[in-house]
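The values are calculated or read from the model by the stated rules, or taken from the named source; none is laboratory data. It should be emphasised that the depicted structure is a prediction, and the values quoted were computed from it without experimental measurement. Every residue, glycine among them, receives a Cβ derived from its backbone with ideal geometry; neighbour counts consider all protein chains shown.
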Amino acid sequence: MKIPPFLRLRLPKRMISSGLLLRLAIVGVLCLIVFFLGFALLNRLLISPPVNPEVPENLRRTASENIIQITVLNASGSRGAARTVTDYLRARGFDVVEIGNYDTILTRSVIIDRVGDSISTARVAYALGIADSMRQLDIDSTLYLRCVAVIGKDYPKLKPFR
């Protein structure tokens, strides 16, 4: 197929030098870097902002209780799932006071509210990527922790494993 003369691009040979092509390539790469960094910034700020691990002031039982305290239990049957979640939560400022194994294997991960503090429970669920429908209320006033994160077989879908 022949290209019609009016569609042909005629550039002087001196403009098509290796220097021009190198500059165009550098500008293109820089534009891609700026695009990806901008996308990452918008994603971090708007789509999945960081979670605040502090207990709201009006829900504190003692003056020193300002960080959400959590127990992480492994109910997935996979070795190391609770440890990975613990490291993830601690890196985000949460106070994981205990890790262990749950009595039974669960197919879905659950957050159990121990003191009736739905705000703290929602923050932990959001931090892990657990749906709000998987939050349960089971108040135990003898415990000095806000909630229990029970990691089920759906753990590969949670944020610490992505």
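So the values come out like this:
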{"item": "Selection status of Ile68, buried (at least 17 other Cβ atoms within 10 Å of the Cβ), within 19 Å of Val55 (Cβ to Cβ), within 18 Å of the chain's Cα centre (by Cα) and touching a residue at least 60 places away in the same chain (Cβ under 8 Å)", "result": "yes"}
{"item": "Total residues in the stretch 125-162, condition within 16 Å of Asp95 (Cβ to Cβ), crowded, with 22+ Cβ neighbours inside 10 Å and in contact (Cβ under 8 Å) with a residue 60 or more places away in the chain", "result": "5"}
{"item": "Meets criteria (of a type in the set (S, T, N, Q), surrounded by 14 or more Cβ atoms within 10 Å (Cβ to Cβ) and at pLDDT 95 or above) for Ser109", "result": "yes"}
{"item": "Number of positions in the stretch 108-132 that are in a loop (DSSP other than H, G, I, E, B) and within 21 Å of the chain's Cα centre (by Cα)", "result": "5"}
